[in-house]
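These notes are about the structure you will find just below.
Values quoted throughout were computed directly from the atomic coordinates according to the rules given, and no laboratory measurement underlies them. In this text the structure is predicted, and so the values were computed from the model without any measurement. With ideal geometry, Cβ positions are generated from the backbone for all residues, glycine too; neighbour counts draw on all protein chains shown.
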């Protein structure tokens, strides 16, 4: 698994790496553009919304929302990626943060129309994901939604099949999302839907 230093070194080439995987329809970023477009279009249904982006990277998604007059807060643990994103979104509030330690205090009292996360939550263990999503739910406005686009599967069997097909470069230090398991863990907390977009990626829609 890449640590902070690894992501800093990867930052300049990150978008190119994603593009190559996406264009080849290969693990881990098959369906990447479609996943981001789905989330973008959903957020665009509300004008001038307040958005929190968890793991915004170089700002590929949120810079487009920013340019459409949405208010952007964000966290990422790579200061190099934050530097790149700040050029695109100079008025956004972007904070360096390792989400394994939860959210920074600056955001804990805020309320958001949308919370988005793309290809970041898989760095949390399965148990950490549930705790973190519960924390995010407390930050939502009454009609707010969480959109998580990530390496994700409908069930454990499909994850294991993808692992088998990509065993040569599978990252065993990452914890990919399994819809059946997450929905079961959150069934008393929220509504949770999932849309499989590619053989290794999908979008979660979570609301109170």
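Centre-to-centre separation between the Cα atoms of the stretch 42-57 and those of the stretch 68-128: 11 Å. Secondary structure note: in the chain, about 35% of the DSSP beta bridges are antiparallel. By other beta-carbon atoms within 10 Å, ranking 44, 81 with the fewest at the front produces 44, 81. Computed on the stretch 105-203, with alpha-carbon pairs under 8 angstrom and 6+ residues apart, the relative contact order is 33 percent.
For the stretch 161-208, the relative contact order comes to 28 percent (Cα pairs under 8 Å, sequence separation of at least 6).
Each helix, a run of at least 4 DSSP H residues, gives -39500 (n - 2.57); summed and divided by the residues of the chain, these come to -11000 deg cm²/dmol at 222 nm. Report note on the peptides 82-95, 116-129: ranked by the mean count of other C-beta atoms within 10 Å, highest first, their order is 116-129, 82-95. In percent, rounded to a whole number, the relative contact order of the chain is 21, using alpha-carbon pairs under 8 Å and six or more apart. With the gyration tensor restricted to C-alpha atoms of the stretch 41-99, the semi-axes of the equivalent ellipsoid amount to 19, 11, 9 Å, longest first.
In this entry, the chain is assigned a mean projected area of 10.5 nm², taken as a quarter of its C-alpha convex hull surface. Model label sites at residue 160 and residue 68, defined 7 Å from Cα along the beta-carbon direction, differ in position by 4.0 nm.
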